[in-house]
Amino acid sequence: GMTTPFLSDGTISLRPVRREDLPLLAAWRNQPDIRARTREWQPLTEEHQERWWKRITADDSRDFMFVVERGGQIEGPRAVGVVGLCHWSWIDRHAEVSFYCGEESMRRKGHMSAALRLLHEWGWSVGLERIWAECFAMNKPGIALLKKLGYTEEGRLRSHVYRDWELRDSILLGILREEWR
């Protein structure tokens with residue numbers, strides 16, 4: 001696989017997911033509010049995590065996943081969430097962005113914004129021309145964050161996902177390298 005750099009802006013840093021992160025990531029993703037915004041419709045098991053781990057660490061992996069850490073001078077780095085670029089197409093030069101803030105107390109503090117800025121800068125630097133996202137329409141915070149980063153709403157998949165006992169729309173968003181600032 002590609003050697004993925006360790007990225008940092010001094011406060012927030014991204015490091016590749018390690019096997020020992022898997023229980024924490026599963027616990028985060030199994031929180032009902034996070035699961036409602038992801039493609040997972042059932043609680044994640046160890047077996048799911050093992051399959052995912054094999055996929056993201058395979059030599060031909062097209063998913064680059066990072067744990068977001070907030071540096072602490074005294075207590076050391078603290079994991080707050082996950083960001084990644086998935087379904088990377090070298091030929092088409094695009095990838096899908098994936099992100100969530102796992103630690104509830106760390107939400108709405110700008111950490112994911114900073115993490116996504118680092119992730120995008122890295123993506124552009126290694127050749128991406130477009131990064132896209134699919135957000136469920138009820139995921140207002142996710143859509144707002146992407147728009148703040150300069151994403152454009154490109155389409156709506158009507159009645160595309162079944163959540164909370166009803167069909168809901170999914171929003172497609174994207175940003176091109178030349179639109180990034």
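The values are calculated or read from the model by the stated rules, or taken from the named source; none is laboratory data. Keep in mind it's a predicted model, so treat the numbers as computed, not measured. For neighbour counting, all protein chains shown are included, and Cβ atoms are generated from backbone atoms with ideal geometry for every residue, glycine included. Areas reflect the complete protein model, heavy atoms only, side chains present, ligands, DNA and RNA absent. Shrake-Rupley method; radii C 1.70, N 1.55, O 1.52, S 1.80 Å.
Some points to look at:
- Tally, over segment 103-131, of residues that are open to solvent by less than 30 Å² (accessible area, probe 1.4 Å) and farther than 27 Å from PRO23 by Cβ: 5
- Any hit, segment 111-120, residues being part of a helix (DSSP H, G or I), touching a helix residue (DSSP H, G or I) at 6+ places or on another chain (Cβ under 7 Å), of a type in the set (A, V, I, L, M) and closer than 19 Å to ALA27 by Cα: yes
- Hits in segment 126-174 (condition: under 17 Å from ARG93 (Cβ atoms), acidic (Asp, Glu) and in a strand (DSSP E or B)): GLU154
- Within segment 79-95, the residues that satisfy the criterion of being open to solvent by less than 10 Å² (accessible area, probe 1.4 Å), among the aliphatic types (A, V, I, L, M) and closer than 20 Å to HIS111 by Cα are VAL80, VAL82, VAL83, LEU85.
- Residue count for segment 137-150, restricted to those that are over 14 Å from TRP180 (Cα atoms), open to solvent by less than 40 Å² (accessible area, probe 1.4 Å) and not aliphatic (A, V, I, L, M): 2.
- Pair list, Cβ < 6 Å and 6+ apart or interchain, from segment 43-58 residues that are open to solvent by less than 70 Å² (accessible area, probe 1.4 Å) and assigned to a helix (DSSP H, G or I) to residues that are of a type in the set (Lys, Arg) and at pLDDT below 80: none
- Matching entry among GLY81, GLY72 (being among the small types (Gly, Ala, Ser) and modelled with pLDDT of 90 or more): GLY81
- Filter result for TYR100 (farther than 21 Å from LEU24 by Cβ, among the hydroxyl-bearing types (Ser, Thr, Tyr), touching a residue at least 24 places away in the same chain (Cβ under 8 Å) and buried (at least 18 other Cβ atoms within 10 Å of the Cβ)): no
- Criterion: open to solvent by 30 Å² or more (accessible area, probe 1.4 Å), under 22 Å from ASP63 (Cβ atoms) and without any contact (Cβ under 8 Å) to a residue 24 or more places away in the chain - qualifying residue of GLU154, GLU166, GLU178, GLU134: GLU154
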